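The values are calculated or read from the model by the stated rules, or taken from the named source; none is laboratory data. Worth saying up front: this structure is predicted, and the values here are computed from it rather than measured. Don't worry about glycine lacking a Cβ; one is built from the backbone with ideal geometry, like all the others, and counts go over all protein chains shown. These area figures cover heavy atoms from the full protein model, side chains too; ligands, DNA and RNA do not enter into them. Shrake-Rupley method; radii C 1.70, N 1.55, O 1.52, S 1.80 Å.
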Amino acid sequence: ATATRHRPRVVVGLALVVAALGFVVNPRIPVESDSEKFVASDSPVLRDLHALRDVAGTSADAGFMVEADDVMRADVLAWMARFEQRQLARHRSALVSSNSIASITAQVTGSTPTPEDVRTVMESAPPGIRDTFLDSGDGRAQVLFGIGSLSLDQLEELLDGMQADAVRDAPAGVRVVPSGLALIGIETVNLYQEGREPMTFAALAAVLVWLVIALRSVRTALAALVPVVTALGASRLAI
């Protein structure tokens with residue numbers, strides 16, 4: 001600090017160069033979207049997750065919300081069953097299983113699901129299962145696909161393709177959209193990727209305003225931000 005105090009232009013110049021280089025390379029820094037890589041490879045939680053997957057074949061779900069005036073209509077149930085079978089056939093490496101009011105009923109009855117059969121099966125099903133797959137007003141139903149080990153980027157691409165296929169084939173008056181925790185993860189990563197720079201500049205601006213008010217000097221406030229800006233650029237260059 002003593003050596004550089006009398007060379008503010010050199011210090012500020014170097015800080016700006018490092019910061020500028022950091023912001024230039026920032027778009028090349030990848031965002032890890034595989035949640036299993038968020039934790040250490042020897043974590044007990046990760047070992048339990050792999051054990052669960054070995055037994056159940058899957059450890060995560062990808063959902064689709066089906067909305068209609070009445071999801072118990074015969075044509076909606078028939079479409080739901082076809083949609084599940086088609087996606088499982090097309091994405092064998094990514095999708096492990098599927099469940100909905102249509103497929104659960106078909107497993108119980110061994111035949112094409114009818115509105116009467118679905119109502120009977122859902123009325124006798126445990127509340128947890130019934131509430132997961134069917135809204136009490138019969139206006140919404142959920143299709144859940146068991147998925148393998150996919151990153152959020154891979155899952156987003158998969159869901160986009162599945163939704164496009166669903167929209168092309170859905171009966172009139174039926175709306176199909178992705179749903180569930182996986183969708184929240186995808187949107188979180190996307191928003192972070194899009195908002196990294198705005199968030200950084202907004203934070204710096206907020207700190208600068210606070211420092212100006214506290215120190216009553218724009219010059220001193222800017223000087224206090226020099227090490228912060230330098231650290232931001234240096235960390236991005238290091239990554």
**OP:** Identify all residues within region 104-133 that are farther than 19 Å from GLY180 by Cα and among the polar types (S, T, N, Q); write none if there are none.
**Re:** THR105, GLN107, THR109, SER111, THR112, THR114, THR120, SER124
**OP:** Go through LEU225, LEU211, LEU204 for me and flag whichever is in contact (Cβ under 8 Å) with a residue 24 or more places away in the chain, part of a helix (DSSP H, G or I) and among the hydrophobic types (A, V, I, L, M, F, W, C).
**Re:** LEU204
Original post:
For region 52-132, which helices (runs of 4 or more DSSP H) that fit wholly inside it have 1 or more residues that are within 26 Å of the chain's Cα centre (by Cα)?
Top reply: 74-90, 101-109
Original post:
Inside region 199-236, can you point out the residues that are surrounded by 12 or more Cβ atoms within 10 Å (Cβ to Cβ), within 27 Å of the chain's Cα centre (by Cα) and of a type outside the set (Ser, Thr, Tyr)?
Top reply: MET199, ALA203, LEU232, ARG236
**OP:** Starting from residues that are touching a strand residue (DSSP E or B) at 6+ places or on another chain (Cβ under 9 Å), open to solvent by 20 Å² or more (accessible area, probe 1.4 Å) and in a helix (DSSP H, G or I), keep the ones in region 161-179 and report whichever is farthest from THR132 (Cα to Cα).
**Re:** VAL167
Original post:
Given (1) modelled with pLDDT of 90 or more; (2) assigned to a helix (DSSP H, G or I), where does VAL10 come up short, assuming only one miss?
Top reply: (1)
Original post:
Of the residues GLU116, GLU67, GLU84, which is under 29 Å from ASP169 (Cβ atoms), at pLDDT 90 or above and touching a Lys or Arg at 6+ places or on another chain (Cβ under 6 Å)?
Top reply: GLU67
**OP:** Give the residue that is modelled with the lowest pLDDT, with candidates limited to residues of region 25-42 that are part of a helix (DSSP H, G or I) and not acidic (Asp, Glu).
**Re:** SER35
**OP:** State which residue pairs qualify: first residue in contact (Cβ under 8 Å) with a residue 60 or more places away in the chain and inside region 42-58, second residue surrounded by 13 or more Cβ atoms within 10 Å (Cβ to Cβ) and aliphatic (A, V, I, L, M) in any location, beta carbons under 8 Å apart, and separation of 6 or more residues or different chains.
**Re:** GLY57/VAL96; THR58/VAL96; THR58/ILE147
Original post:
How do the pairs read when you match residues in region 175-186 that are under 17 Å from ASP153 (Cβ atoms) with residues anywhere that are surrounded by 19 or more Cβ atoms within 10 Å (Cβ to Cβ) and of a type in the set (Ser, Thr, Tyr), using Cβ under 9 Å and keeping only pairs 6 or more apart or on different chains?
Top reply: GLY185/SER33; ILE186/SER33
Original post:
Hey, ALA182 hits all of (1) in contact with a strand residue (DSSP E or B) (Cβ under 9 Å, 6 or more places away or on another chain); (2) open to solvent by 60 Å² or more (accessible area, probe 1.4 Å); (3) outside any loop (DSSP other than H, G, I, E, B); (4) closer than 30 Å to PHE38 by Cα but one; which does it fall short on?
Top reply: (2)
